[in-house]
Amino acid sequence: MAQQLSPHRAYPATSAFAHFANEVAAHLQATETGWLYHSETPSALQTERDDRQLIHLDLTPFLGKAQPADANQWFADVHTLQALFAAYQQAKATCAPEPGDHVHPYAERYLQARFSAARDNYTDEDARLIACWVSELDRYAAVKSIECLLDSRDNLALFKLAAHKGWQVLFDHLAIRCGSSTFRHAEQVIEQLQQQHGYVQPQVAHERFYQFEDGWNAYPLYKMLDNGQVIRLFIDQSDADDPRQIIQHWNHCYGFTAHHMALRVVRYEAGRCLAVPLLEVIEALQETGIASLTPTGFYTHGLLEQVFLKPHLNSDVPEDIRQSLSQIDPALNKTIENGKLIELVSRRELPADKAQKLLALYGISAGKAPISAPVYPYFLPAQAAHVIRTSLEPSVTEG
């Protein structure tokens, strides 16, 4: 079991954030079927999965003040691939160094190989697309997102599809793979992100730390930017007593690059932001040759749905890493090849009036263009466990 950080202090139920959640929960319960509502927890709803498991969704937004989208200063004027690489290095240099005592030297070689391949496979137009998109983020999320987007040019397919269909691709979250709770790797990263980048833990107590039955744990972090963009981070690590759990080995091989980056697709209609349904996105990508894995979350009635795209495999894992993995479990030599993954997320958007109320909680005034404001801001443990499992499906890592 990982050692938890000192808990974020509790906030009274009378806070403006709790009042807002109460209003949204009451609205959903009154206008839709499938929700279970209890007056003792007016900020939350429950729903039942097909297996009769109850899923609890607390709608209380995370507490915090809007902070600058500071990636803009590096990426706003990027017009070439070389300029993108230079801006990435400059932004990365301002981020706190991550603990590297248990990371293999191959991690840096792997990352450099991705950038070298990008020089041959990406265009200046691709670079402008990436730079424009990450300029709306903070510098930490921008750096990690670029590492994911440069993993394969297929990762840009959604952006090009969205341009054709009139969709907008939004950042949803990053999952950062740390090492083992033996060394408190996740806790070290959490402390850096809170102290140097202004991330916060949610004020909902049970959303601050997740412990999973299959040998790993995670801390969610959040940040509201002054442009209305929410940065969600999922900081995960293996449990100390589970040597076969893959996250610690991914960290050893690839460092603190993201296990996955999640993208969300919306469309703008009649002055409001609407989520593009997950199945619609999956089918559209499939027509371009991009395959997805097993989606989850339909029991949330559209509040949060997720699916992984089929991962791009890395067969160039050093032999010494493979030998050490074989001594633990030969199956790890296949799962270690999942270098990076892209996830698709659909989060239902708030009605326009409630979206403005949510943004006002962070001191953000609604402008002429609608800003994405999802009903449910958090992760769901049941779905986090699902996407990790599907990222290891044998049918994915064969061939």
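The values are calculated or read from the model by the stated rules, or taken from the named source; none is laboratory data. Here the structure is a predicted model, which means the values were calculated and not measured. Reconstructed Cβ throughout: ideal geometry from the backbone, glycine too, with neighbour counts over all protein chains shown. Ligands, DNA and RNA are excluded from the accessible area calculation, which covers all protein heavy atoms including side chains. Shrake-Rupley method; radii C 1.70, N 1.55, O 1.52, S 1.80 Å.
Can you pull out every residue in segment 296-305 that is open to solvent by 10 Å² or more (accessible area, probe 1.4 Å) and of a type outside the set (Gly, Ala, Ser)? Passing the criteria: Thr296, Phe298, Tyr299, His301, Glu305.
Let me spell it out: the conditions are (1) in a helix (DSSP H, G or I); (2) in contact with a Cys (Cβ under 8 Å, 6 or more places away or on another chain), and His104 meets all of them except one. Which number is the exception? Every listed condition holds for His104 apart from (1). Being touching a strand residue (DSSP E or B) at 6+ places or on another chain (Cβ under 7 Å) and not β-branched (Val, Ile, Thr), is that true of even one residue in segment 315-331? No. Counting the residues of segment 48-75 that are at negative phi, modelled with pLDDT under 95 and more than 21 Å from the chain's Cα centre (by Cα) gives 6. Per the listing Arg348, Arg322, the residue uniquely open to solvent by 10 Å² or more (accessible area, probe 1.4 Å), in contact with a Gly (Cβ under 6 Å, 6 or more places away or on another chain) and basic (Lys, Arg) is Arg348.
Name the one entry in Val375, Val396 that is modelled with pLDDT of 90 or more and surrounded by 17 or more Cβ atoms within 10 Å (Cβ to Cβ). Please lay out each step first, then the result.
Details: Val396 fails: modelled with pLDDT of 90 or more.
Val375 is the lone residue from the list that is modelled with pLDDT of 90 or more and surrounded by 17 or more Cβ atoms within 10 Å (Cβ to Cβ).
Filtering segment 107-123 to residues that are open to solvent by less than 70 Å² (accessible area, probe 1.4 Å) and assigned to a helix (DSSP H, G or I) leaves Ala107, Tyr110, Leu111, Ala113, Arg114, Phe115, Ser116, Ala117, Ala118.
What's the total number of residues in segment 232-254 that are more than 14 Å from Ala186 (Cα to Cα), at pLDDT 95 or above and of a type in the set (A, V, I, L, M, F, W, C)? Number satisfying all stated conditions: 1. For segment 93-106, the set of residues classified as open to solvent by 70 Å² or more (accessible area, probe 1.4 Å) and within 16 Å of Ile146 (Cα to Cα) consists of Ala93 only. Selection within segment 231-255: residues that are outside any strand (DSSP E or B) and of a type in the set (Gly, Ala, Ser). The member of this set that is surrounded by the most Cβ atoms within 10 Å (Cβ to Cβ) is Gly255. On the given criteria, is Ile328 closer than 18 Å to Pro243 by Cβ and buried (at least 19 other Cβ atoms within 10 Å of the Cβ)? Criteria not met by Ile328.
What strands (runs of 3 or more DSSP E) lie completely within segment 257-310 and have 1 or more residues being under 19 Å from the mean Cα position of the chain (by Cα) and modelled with pLDDT under 95?
258-269, 305-308
Consider segment 144-172 and keep the residues that are part of a helix (DSSP H, G or I) and free of Cβ contacts under 8 Å to residues at least 60 places away in the same chain. The one that is most open to solvent (accessible area, probe 1.4 Å) is His164.
Identify, please: which residue in segment 201-226 is of a type in the set (Gly, Ala, Ser) and not in a loop (DSSP other than H, G, I, E, B) and is, among those, modelled with the highest pLDDT? Quick ask: steps written out before the conclusion?
So the first thing to find is which residues in segment 201-226 are of a type in the set (Gly, Ala, Ser), and the list is 205, 215, 218.
Among the residues that remain, those that are also not in a loop (DSSP other than H, G, I, E, B) are: 205, 218.
Working: Ala205: 82, Ala218: 94.
If we take residues in segment 201-226 being of a type in the set (Gly, Ala, Ser) and not in a loop (DSSP other than H, G, I, E, B), then Ala218 is modelled with the highest pLDDT.
Results for (1) within 17 Å of Ala373 (Cα to Cα); (2) among the small types (Gly, Ala, Ser), shown as yes or no for each residue.
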site: Gln286; (1), (2): no, no
site: Gly297; (1), (2): no, yes
site: Glu305; (1), (2): yes, no
site: His312; (1), (2): no, no
site: Pro318; (1), (2): no, no
site: Arg322; (1), (2): no, no
site: Asn333; (1), (2): no, no
site: Asn338; (1), (2): no, no
site: Leu341; (1), (2): no, no
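Given the structure, is Ile190 buried (at least 21 other Cβ atoms within 10 Å of the Cβ), farther than 19 Å from Phe62 by Cα and of a type outside the set (Asp, Glu)? Working first, answer last.
Numbers: buried (at least 21 other Cβ atoms within 10 Å of the Cβ): yes; farther than 19 Å from Phe62 by Cα: no; of a type outside the set (Asp, Glu): yes.
Considered against the rule, which asks whether it is buried (at least 21 other Cβ atoms within 10 Å of the Cβ), farther than 19 Å from Phe62 by Cα and of a type outside the set (Asp, Glu), Ile190 comes out as no.
Applying the criterion of being polar (S, T, N, Q) and not in a strand (DSSP E or B) to the residues of segment 36-72, the residue that is farthest from Leu361 (Cα to Cα) is Gln53.
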